[in-house]
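Following: one structure in structure tokens, then a few remarks.
The values are calculated or read from the model by the stated rules, or taken from the named source; none is laboratory data. Because the structure is a prediction, the values reported are computed rather than measured. Please note: Cβ atoms are built from the backbone with ideal geometry, for glycine as well, and neighbour counts cover all protein chains shown.
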Amino acid sequence: MIKKILFASAAIAFAAPTSAFALGWQMRGVALDLSGYGTAGMIDADDKKPDFLGDWRLRAQASYDMGARSRIGAVYSIDAQTVDSDQAIDDLFVFWQSRSFGRIEVGMTESAAGKLGLGLPDVGALRINDNPLFYKKINPDGPVIADNTIDTGDQSLRVNVVSNSIGGAQYGVSVATIADGFDYAMDAGIKFRRPAGKVKTAFSIGASFMENPDNFSDEQYSPALTADWRAQVAAGMNVQYNSWIVGLNARAIYDRDAVSPASDGVSAGAGISYDLLNYSMSLSYVLSSVGIWHDGDRRYTDNTVVASFRYKYSANVDGWTSIGASSKTPFVAAGLRLTF
């Protein structure tokens, strides 16, 4: 079974074109850019019949340089998660960016605290840091918190303000007030980066508060939330030494007087990756425990381990394989990823 999946991946990869195909256009301060990726592969869970595994994302940006120090623009994006949720927009916002100040975004997008968060150094294509793909094929025995960074949704009208790097630190705040799922939400985050030297480091911390969530759903693998309020805090760390990268992150969610099934709790992860020429390897572990704050609710804990291998065939083409276990179910997956 594993050999069949690996052979299918290799056959596609070596038939793929090797030239770069990034799309962009610039003229007199106006720039248009289109970027994205597509992943196609297979997954076999618990030694059953292999199932197709696909993922994709498209992002379009138009911008105009207002002199040498500022820029205005607009962004639209859509991905497989959005379509699966019967939505047509993942990102839709306008922005103003200044070299002396930072960036302001207005529209539907992820909060500043979420954008400043740090994921695990996974080299596969199972989207382990953002609603992992394997949960679509392996149904957990209970609710799962699948993202270890702050998440207050991206389908609400939001204002993000993020500073430029100041002494290695970036600060960001968000406010969302026009939404179907809550009265308002406020987010704040900070990221510290030390990109120089033999050891490179990054640290982040974020928090959010949401008032009166009503049938609010931001986690695809947890029940929709109805409560008085929701509070979150998340932290992450990445350390790079030569070709090694180590990552840690965690997220805690608390819902006050929820009338819906439990969807809060904690999620934490640890990962390590290593690069050698065109080869990359990683090992990741994620813990999700839901319902721990409330008496009487059914508690559920999920442990996931994923080992991944990637071969970068060209600047835009790589083949990947992953093997792991989630919800006590072992799985193996492999595929091809194209980026532009």
Taking segment 140-170 and keeping only residues that are over 29 Å from residue 221 (Cα atoms) and either touching a residue at least 60 places away in the same chain (Cβ under 8 Å) or assigned to a strand (DSSP E or B) (or both), one is left with 161, 162, 163, 164, 166, 169, 170
Over segment 34-56, the set of residues under 10 Å from residue 335 (Cα atoms) and among the hydrophobic types (A, V, I, L, M, F, W, C) is 40, 42, 43, 52, 53
Going through (1) at pLDDT below 95; (2) touching a Phe, Trp or Tyr at 6+ places or on another chain (Cβ under 9 Å); (3) farther than 30 Å from residue 164 by Cβ one by one, residue 70 fails only at (3)
Of the residues in segment 182-199, those that are out of contact with any Pro (no Cβ under 6 Å at 6 or more places or on another chain) and surrounded by 15 or more Cβ atoms within 10 Å (Cβ to Cβ) come to 185, 186, 187, 188, 189, 190, 191, 192, 193
When you check residue 110 against the structure, is it within 18 Å of the chain's Cα centre (by Cα) and under 20 Å from residue 33 (Cβ atoms), yes or no? yes
Residue count, segment 201-236, condition over 17 Å from residue 289 (Cβ atoms), in a strand (DSSP E or B) and of a type in the set (Val, Ile, Thr), comes to 2
Contact list, first residue from segment 247-261 and under 13 Å from residue 227 (Cα atoms), second anywhere and among the β-branched types (Val, Ile, Thr) and buried (at least 17 other Cβ atoms within 10 Å of the Cβ), beta-carbon distance below 6 Å, six or more apart or interchain, is 259/226; 260/226
In segment 131-167, anything surrounded by fewer than 19 Cβ atoms within 10 Å (Cβ to Cβ) and over 17 Å from residue 327 (Cβ atoms) is listed as 157, 159, 161, 163, 164, 165, 166, 167
task = Report yes if some residue within segment 105-118 is at pLDDT 90 or above, out of contact with any Ser or Thr (no Cβ under 8 Å at 6 or more places or on another chain) and at positive phi; otherwise report no.
result = yes
Within segment 53-67, of all residues that are modelled with pLDDT under 95 and among the hydrophobic types (A, V, I, L, M, F, W, C), the one farthest from residue 101 (Cα to Cα) is 53
Inside segment 40-98, the number of residues satisfying the requirement of being outside any loop (DSSP other than H, G, I, E, B), closer than 24 Å to residue 337 by Cα and touching a strand residue (DSSP E or B) at 6+ places or on another chain (Cβ under 7 Å) is 24
